[in-house]
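The values are calculated or read from the model by the stated rules, or taken from the named source; none is laboratory data. Please read these numbers as outputs of a predicted model, since none were measured by experiment. Neighbour counts are summed over all protein chains in view; Cβ atoms, including those assigned to glycine, are modelled from backbone coordinates with ideal geometry. Accessible surface is based on the protein model in full, side chains and every heavy atom, while ligands, DNA and RNA are left aside. Shrake-Rupley method; radii C 1.70, N 1.55, O 1.52, S 1.80 Å.
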Amino acid sequence: MCGLIGVTLMLVGTACSTGGTVSRPVSPAAASPADTDRMAPAGTVEGARGGVSPVPPGAAASGPTEPDRDREALPAGSRADPVPGAELRTRTARLRVARFEDLPGWSDDDPAAGWDAFQRSCKVLARRAHWAAPCAQALAQRERSSEALRAFFERSFTALQLLHPDASAEGAVTGYFEPLLAGALQPQGGFRVPVYGVPRDLLLLDRRELAPTQRSGVIDVRQEGRELRPLARAEPGSLRLDLDSVAGEPHDRRLRLRREGDRAVPYFSRAELTSRGEVDAPVIAWVDDPLALYAMQIQGSGRIRLTDGRVLRLFYGEQNGHPFRPLRVKPRDVAPALRTRGLGLAAGEPAGEEPQTFELEGDMPPEPAPPTRGLQRPAAKPEPRRGAAADGQEATRAVIEQLLPAQDGAAAPARARARPPARPAAARPAPSAPSVTSAAPAAPATAPTKAARPGVAEALARDPSYVFFRIAEDQAPDPGPVGALGVALTAGRSVAVDPRSAPLGYPLFLTAESDRAGGGGMRKLVFAQDTGGAIRGAVRIDHFWGFGREAGRQAARTNHRGRVWLLVPRAEAREWFTRARPAMRGSAALPVCLVADAEHCFE
């Protein structure tokens, strides 16, 4: 595994200087071959003494002219900064040293708008050796003017332009947001689509625990709670797992499985989950539109306004391990409906926000005809739950009641607080309430509702991936959802990235030009604080716009081509260039990860 200290990288270009030089689903228009993974970049050949020049894409690596001799790019312990134009390479990216004055729009952006986001990154990164100093300096920074903060970044960081392995500089820039859905805590009326928490029968296997001889074929595993451990040989009670049957994403270090007799098999796909009568998972809430739920799954978080006016916040909990094949779902740009009389705003909720509706681009089934006047039956009441299932679902609702304020904004009645589990690292399973086998009741015999629109289930089944949610511990409306870094996202300054080439927490400078008439591009300092299933490639950015209808409009309009610069603490950049070995041959020697991240990037 690549490491923050002593990471092995390939150096391309000049050596050094003693002077201080101080990016969800992509539309066809935004996609390019450079947006996809490139796992076999071109090799290098050593040119004139003291430098390495790139081989054109597709050319074979011939090896160094001085065989088997490794030379450091910078002398050990050097305090020199790499010169502009020098490059490093991994399997998924090239990084080229740049000057801040050459970043388009650098002097026009206001770093103060992203200072809080930077401070949040420091809460995680300050524990790392090269980040302790800049984070401490940021904490002590008294002058917060644009000029002072811009000087801070120029003084403390080295700018490295992120390039695709073929040296192309542009990639897709899209947007995402936190939607608002309508829902209820119990199935009623049109609210018939369950929002599931993390299933109890979802099992996890860490790929890093697999021996080299266990990467394919049939292996034996032992179940330890939710975890599966690989075994060298079968033992009493062990399970058989055919790794070739698991079609997860290759970059995901966890396999999501379930137990079936004496075998471990892939967890249910979306089609299987939606067609099953029972799912071994807590139902957090019920919504009225499967497209809205799917949109919330793509965004990774959301809010649900309940029938009494309170708003429930949900964050990503886990997923089913199937490949992400996203459909393009966009919010309908309709005028906000009048607020239902008697339902006030939740504390801190922006005025005018109403639950959003969504549609599939080019794939939306027609709206059902409204029921003939006078022929609509009243909604059937759901059958009362019995036994353990009822007890478990009541426990789920008890957690929600403890976390949400009363309708009038007063605190909930004092009692023993049923706290949900502590927030885990991103992507780790964290059931937000006791698991319960839940069966969605049959829809009443009425005209079709959003939940029963013809063709929607078939369209959604084309994406086998499925996201499960957890109840946010902090139900306050002000902070953004918690991203993969483990900190609250900042609207307009947090972005989702591919963590193999853009380490989580690091600052980035983004320039993106809109292909729409009237502009809409961006040139700003942003922070890598989230990830996404469709966010793959060195130059690939998903921009977080915030919560609500206007954020949804901004996200839908964000479909740009952009360029990205990674800001790295100067001491860390010097170390990378010091330890780079120009005599490495072929792409097999290149690491996958720019910076070690046990959770999000592994070799």
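Structure notes:
- Less than 5 angstrom separates the built amide H of residue 480 from those of 489, all sequence-distant by 5 or more or on a different chain.
- Sorted largest first by accessible area at a 1.4 angstrom probe radius, with every protein chain in place, the residues 170, 147 fall in the order 147, 170.
- Residue 545 - accessible surface, heavy atoms, 1.4 Å probe, Å² rounded to 10: 60 Å²
- Sequence of 307, 274, 213 when ordered by accessible area, the most exposed leading, probe 1.4 angstrom: 213, 274, 307
- For peptides 553-566, 526-539, sequence by mean Cβ density within 10 Å, most packed first: 526-539, 553-566
- Normalised Debye scattering of region 131-251 at q = 0.16, 0.19 Å⁻¹ gives log10 I(q)/I(0) of -0.93, -1.03, counting only Cα atoms as equal scatterers and leaving out solvent.
- Additional length obtainable on full extension of the chain from residue 133 to residue 278, 0.36 nm per residue less Cα span: 46.9 nm
- With 0.36 nm allotted per residue and the present C-alpha distance subtracted, the residue 473-residue 79 stretch has 137.4 nm of extension available.
- On full extension, the segment bounded by residue 457 and residue 123 gains 116.0 nm, given 0.36 nm per residue less the C-alpha separation.
- Cut-off 12 Å between beta-carbons: net charge of the residues surrounding residue 529, Lys and Arg +1, Asp and Glu -1: 0
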